Every structure is written in C-alpha cells, then in structure tokens.
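Notes follow once the structure below has been shown.
The values are calculated or read from the model by the stated rules, or taken from the named source; none is laboratory data. Nothing here was measured: the structure is a model prediction, and the numbers come from that model. Positions of Cβ are generated from backbone atoms using ideal geometry, with glycine treated the same way; all protein chains shown enter the neighbour counts. Note: accessible area is taken over every heavy atom of the protein model, side chains too, but ligands, DNA and RNA are not part of it. Shrake-Rupley method; radii C 1.70, N 1.55, O 1.52, S 1.80 Å.
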Amino acid sequence: MREKIEAIINKVGIKDVGFCAYNKVLENLIECRAKERLPKNAKTVIVCLFPYKVKETPPEKISRYAAVPDYHRVCGEYLKKATEELKKQIDGYQFEWFIDNSPLPEVYTAACAGMGVIGENGLIITEKYGSFVFLGEIVTDLELDLLDVEPKHCKKCGKCKAVCPKYTDSSECLSKISQKKGELSSADAEILKKHKIVWGCDICAEVCPENKKAETTYIEEFINGYRNCYSDAEDITGRAYEWRGEKTVQRNYLLQKEKP
C-alpha cells in the first residue's frame with residue numbers, strides 16, 4: 001500500500017515522499033484552527049518535500065523562498081490534487097492535507113519520516129535539497145506498517161550560529177524583524193540595513209555545509225515565477241510577502257536606499 005500511495009503522489013508531480021506514524025508526533029501537536037481538520041483515528045502522516053532553490057546564486061536582499069511564487073498556493077495545489085487522487089483510488093479512508101498552517105510540528109515530523117536531519121537553526125536538512133525545501137503533509141486514518149524512525153540532528157558544526165545576527169548581535173531573527181508591521185525601531189531598521197534585508201533571511205542557510213550541494217528545484221511554477229529581487233513598488237500578488245502587505249516590504253526596500 002505504501003508503494004501505491006507513493007506512486008499516486010508522484011503522478012501529480014510530487015517526487016519526494018516519506019511516511020511517519022501519527023502517534024509519533026501526537027504529543028507535539030500544535031494548537032491551531034487547522035487541528036480541527038485532522039482525521040479522526042489518524043494513523044499515518046505522509047510528508048511531501050517541495051524544493052525551491054532555483055539558481056546557485058542567491059537572490060538579492062530577499063530569501064530564496066520569497067524569490068519564488070507563494071508556496072502556500074503552489075504546494076497547496078499539488079497537495080490538493082494528491083489528496084483528491086488518494087480519495088479516488090483508495091476508497092473508505094480520509095486524507096487531509098496541510099501546508100505551513102499545520103497542527104503538525106513539520107520539521108520534527110519530516111525527521112521522523114526519515115526525510116532529513118534537524119539543523120541547529122531549526123530547519124530540516126535533506127540529503128538532496130539541503131534545507132531549501134517547503135514541507136507539506138497529508139494525514140490519513142489508513143494505517144501502514146512503518147519502521148519507527150528516531151529523528152536525527154545535524155553534525156552541529158556551529159557555522160549557522162556563528163553568522164546569525166540573532167546570536168552575534170543579540171537581536172531577534174532578521175526574518176521576523178523584516179515581517180514586523182508599522183514603524184521599526186532604530187535598532188531594527190539599522191540591522192536590516194546592515195545585512196541588506198528586504199524580506200526573510202538566509203544567512204544561516206547559505207553557510208550550511210549541507211546546502212553547498214543542494215540540488216535545484218524541478219517545480220515549474222517556481223522556476224517560471226522566479227524573481228531575483230524585490231522591485232520598487234512591484235505587484236506583490238502571489239508572492240510570499242503578500243500576506244503582510246505592500247507597506248511592510250516597501251518600507252524595508254526603502255531602508256536599503258537610505259544613506260548610512
């Protein structure tokens with residue numbers, strides 16, 4: 001049955017699939033509205049990887065994940081199609097998909113599914129794509145015979161912590177600062193200017209040794225919709241920062257134009 005599920009999901013365009021027993025993550029569920037959609041008597045979590053690295057050279061002043069179209073829409077559409085096919089071809093079972101706004105601890109779940117190791121920066125690090133992946137899950141009440149995989153951690157070389165402003169400057173995460181609404185404090189504004197951040201932060205990911213060999217994505221929507229930078233007053237429809245609003249990202253962009 002596992003092979004059948006994997007084949008169904010592969011056919012809709014998702015190439016990397018893993019499996020985790022639901023009870024493995026049950027005690028770590030996150031309280032959120034999406035939790036209501038979990039199937040009763042859930043037994044299995046199907047983990048799907050969506051690689052998003054488009055080019056070897058990183059984009060300018062935005063995270064790699066923000067250089068591609070909003071993954072909630074792109075990956076959500078793949079997961080929706082996969083779920084529909086699973087319901088058609090495997091009758092009598094529930095299948096519910098989740099992306100980002102998930103009751104599952106996504107990184108931990110992916111590690112329990114053997115999809116990668118947990119990095120010091122809290123990201124899942126996969127052998128094939130490094131940490132440049134989005135995670136999606138399909139939860140089902142179909143029980144599979146699965147091995148009990150204990151989540152593994154990275155080698156903890158310390159390179160990510162050594163360069164992260166959160167540790168070196170005693171600041172908040174730069175990604176979090178870039179997403180704040182309204183007027184920034186002078187300290188927050190200065191640190192975004194210092195590190196040339198318009199949206200998100202990849203500082204830790206770019207120095208990770210495991211990301212040096214990360215493969216590029218096969219997902220056409222990411223490749224065709226790639227933007228190397230944020231442009232002045234661009235149309236942010238369908239981008240990762242659309243949810244926060246144009247004022248926030250435009251504010252960060254204009255900070256970079258200010259003289260030191």
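Data table
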item	result
Positions within region 188-221 being over 25 Å from Gly158 (Cβ atoms), among the aliphatic types (A, V, I, L, M) and not in a helix (DSSP H, G or I), in sequence order	Val198, Ile219
Hits in region 159-185 - residues which are polar (S, T, N, Q) and part of a helix (DSSP H, G or I)	Thr168, Ser175, Ser178
Output for region 150-176, where each listed residue is of a type in the set (Val, Ile, Thr) and modelled with pLDDT of 90 or more	Val163
Filter result (in a helix (DSSP H, G or I), surrounded by 20 or more Cβ atoms within 10 Å (Cβ to Cβ) and not β-branched (Val, Ile, Thr)) within region 222-252	Phe222, Asn252
Flag for Lys152 being open to solvent by 70 Å² or more (accessible area, probe 1.4 Å) and out of contact with any strand residue (DSSP E or B) (no Cβ under 6 Å at 6 or more places or on another chain)	no
Selection count, region 109-146, where residues are touching a helix residue (DSSP H, G or I) at 6+ places or on another chain (Cβ under 6 Å) and hydroxyl-bearing (Ser, Thr, Tyr)	1
Residue ID - nearest to Leu38 (Cα to Cα), chosen from residues in region 56-84 that are touching a residue at least 60 places away in the same chain (Cβ under 8 Å) and of a type in the set (Val, Ile, Thr)	Val74
Elements of type helices (runs of 4 or more DSSP H) contained in region 1-110, each with 3 or more residues being more than 30 Å from Val249 (Cα to Cα) and open to solvent by 80 Å² or more (accessible area, probe 1.4 Å)	2-11, 71-89
Extreme residue, farthest from Ser231 (Cα to Cα), among residues of region 167-205 that are of a type in the set (Val, Ile, Thr) and open to solvent by 30 Å² or more (accessible area, probe 1.4 Å)	Thr168
Cross-chain or 6+ apart pairs with Cβ under 8 Å, region 212-223 first and touching a residue at least 40 places away in the same chain (Cβ under 8 Å) and under 10 Å from Gly13 (Cβ atoms), then in a helix (DSSP H, G or I) and β-branched (Val, Ile, Thr)	Ile219/Val74; Glu221/Val74
